[in-house]
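One structure is given below, encoded as structure tokens.
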Amino acid sequence: MARTRTVYACTACGAQQPRWLGRCPDCGQWDSLVEEARVPSPAAVDLVGISPAGAEKPVALGEIEPAGAPRWATGISELDRVLGGGLVPGSVVLLGGEPGVGKSTLALQAAAAIQATRRTVLYVSGEESAEQLRLRADRLREVPPGIRVLTETRVESILEVWRELAPDFVLIDSIQTMRTQAVESAAGSVAQVRESAALLAAMAKRQGAAVALIGHVTKEGSLAGPRVLEHLVDVVLAFEGDRAHAFRLLRAQKNRFGSTQEVGVFSMAAQGLEVVDNPSELFLAERSSGAPGSCIVPLLEGTRPMLVEIQALVAPATYGVPRRTCIGIEDGRVALLLAVLDRRTPVDLLSRDVFVNVAGGVRVGEPAADLPLCLAIASSRDDIALPPDVAACGEVGLGGEVRRVSRLDLRVREAARLGFRRILVPDAQDDSLTTRPECELIPVSSVARAVAWLHP
Ligand code: TYD
Ligand code: MG
């Protein structure tokens, strides 16, 4: 009997199943399995010309020269910071992000910067025509004339050009548009993405070139076949940001050559992405201090503190059920804090609409923003503005208690640097810091205490 020629691959995690299922048993995603042709043996290695019966011999670990990986600094400081100093020859970087966030722009700027150091750059565009790429380059301040552009989606043809040109840096925009003959399924399918990436990665290792694969993330925030690609590449970078705002964050989710604690901050301008050395200053620039319903929080992205303004507006509910609208912060978190405020403090939110916004298009995921959010809501409800030199941070528990946050010292230092003189902090934590004459720490044990502090 003939063996089945198809498998069902999960578009979220890449796991394969012999039959269709409503839910992927590996990652739990619903309705994510698609039918695909079964991929024969790992074709990647043969195509690039690496013999599977490899001539490599085992080496004693102690005898390996500890030569630190050489790096090609791109010259874009925020990108180098996230990469851990620059691109490593022979490595593969996956740059993921939602459509329109600026991946191609970042890639082109990186290509230009690398080309400026007299390295050959090959930009493979599977999405845009060469003319469109030229148009984008024209918007950037410096048009890199020497970048080789190839509009191609067939991996085999790309590899041919690659062999001939022997570039130092290859950009694939995007990996989802690439297809290889080794797999029968359509471009963009899990098998195609995986095999194409495997081929390109093998070629990168062989040629000692650095490769950047650009990948779109799906609505749920995962790259198509992310786990499949994640183990294949050396570095996974996520480019995040709200398209309506200029602010962009570049995060390392995996980095074999550096820390994943670093984040890069950019701002999308008319002439491409600009690095932001001082994110706090960017976020505080438009702040109108003295208005009720605003509180500053020193957030931490990796090891990088940044001050962000949390805004709240409490208004009488006009129709029946009060509305709760949140931008930049999770609805569930806000609902929880509203319940805590309602039960543990005198702040009356019954039949009030509550709107919460994080200024500048930042997404807050840290519990350290709980206390400042409560303060902003209380401040708006009672129409009392926080003093302009006050910031706050602390996690709030269901009992209304204020809990510790990580790296309070970094947060306090950043707030002090930007001129904040008083900071509400969890009271269990204030003694862990040496006193700073320039910044007074106000320990609070509960939200009720913090709200009482607000009322003179
Ligand atoms: P793009 O890099 O094409 O995004 P992606 O490759 O992630 O889909 O660009 C995204 C947006 O950035 C686009 O809508 C226009 C804007 N943009 C600027 O604001 N300034 C610029 O200089 C450039 C090149 C683009
Ligand atoms: Mg693009």
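The values are calculated or read from the model by the stated rules, or taken from the named source; none is laboratory data. Keep in mind that what you see is a predicted model, and the values were worked out from it rather than measured. Glycine also receives a Cβ, built like all others from the backbone with ideal geometry; neighbour counts cover every protein chain displayed. Surface accessibility is based on the protein's heavy atoms, side chains included, excluding ligands, DNA and RNA. Shrake-Rupley method; radii C 1.70, N 1.55, O 1.52, S 1.80 Å.
Considering the options GLN207, GLY86, THR74, tell which one lies farthest towards the positive end of the dipole of the chain, charges being +1 on Lys and Arg and -1 on Asp and Glu at the Cβ, about the Cα centre.
About the Cα centre, the residue reaching furthest to the positive side is GLN207.
With r as the distance between the Cβ atoms of HIS245 and ASP383 and R0 = 30 Å, compute the FRET efficiency 1/(1 + (r/R0)^6) and round to 0.05.
For R0 = 30 Å, the calculated efficiency reads 0.60.
According to a simple spin-label model (label point 7 Å from Cα along Cα-to-Cβ), what is the distance in nm between ARG403 and ALA335?
Placing both labels 7 Å along Cα→Cβ, they lie 1.9 nm apart.
State, to one decimal in nm, how far the label point of ARG118 lies from the label point of GLU56, with both points 7 Å from Cα in the Cβ direction.
3.3
May I ask what percent, to the nearest 5, of DSSP beta bridges between residues of region 72-276 are antiparallel?
The antiparallel fraction comes to roughly 40 percent.
FRET efficiency for ALA130 and THR325, Cβ-Cβ distance as r, R0 = 41 Å, nearest 0.05?
0.40
At a Förster radius of 35 Å, what calculated FRET efficiency corresponds to the Cβ-Cβ distance of ALA291 and ASP138, to the nearest 0.05?
0.25
Suppose we keep just the DSSP beta bridges with both residues in region 282-454; what percent of those would be antiparallel, to 5?
60
Among all cysteines in the chain, which have no other cysteine Cβ under 4.7 Å from their own Cβ?
By the Cβ distance rule, which asks for a partner under 4.7 Å, the isolated cysteines are CYS295, CYS326, CYS374, CYS393, CYS439.
Show the residues, 5+ positions off or on another chain, whose built amide H is closer than 5 Å to the amide H of CYS326.
Here the answer is VAL356, since their amide H atoms fall under 5 Å of that of CYS326.
Can you work out the accessible area per residue across the chain, with the rest of the protein chains kept in place, probe 1.4 Å, in square angstrom?
47
With only alpha-carbon pairs counted, each pair once and no self-pairs, how large is the Kirkwood hydrodynamic radius of region 282-454 in angstroms?
This gives a value of 15.8 Å.
Among the aspartates and glutamates, which fall within straight-line cross-link reach of LYS254, defined as a Cα-Cα distance under 16 Å, with same-chain neighbours fewer than 8 residues apart omitted?
Straight-distance partners of LYS254: ASP80, GLU230, ASP234, GLU240, GLU262, GLU301.
If you bin the C-alpha pair distances of the chain every 10 Å from 0, what whole percents do you get?
Here the calculated profile for the chain is 4, 18, 24, 21, 17, 11, 4, 0, 0.
For region 380-410, list residues with backbone N below 15 Å from a point placed 7 Å from the Cα of ALA452 toward its Cβ?
400-402
Which percent, nearest 5, of DSSP beta bridges in the chain are antiparallel?
50
When the helices in the chain are scored as -39500 (n - 2.57) per DSSP H run of 4 or longer and the sum is shared across all residues, what 222 nm value do you end up with, to the nearest 500 deg cm²/dmol?
-8000 deg cm²/dmol
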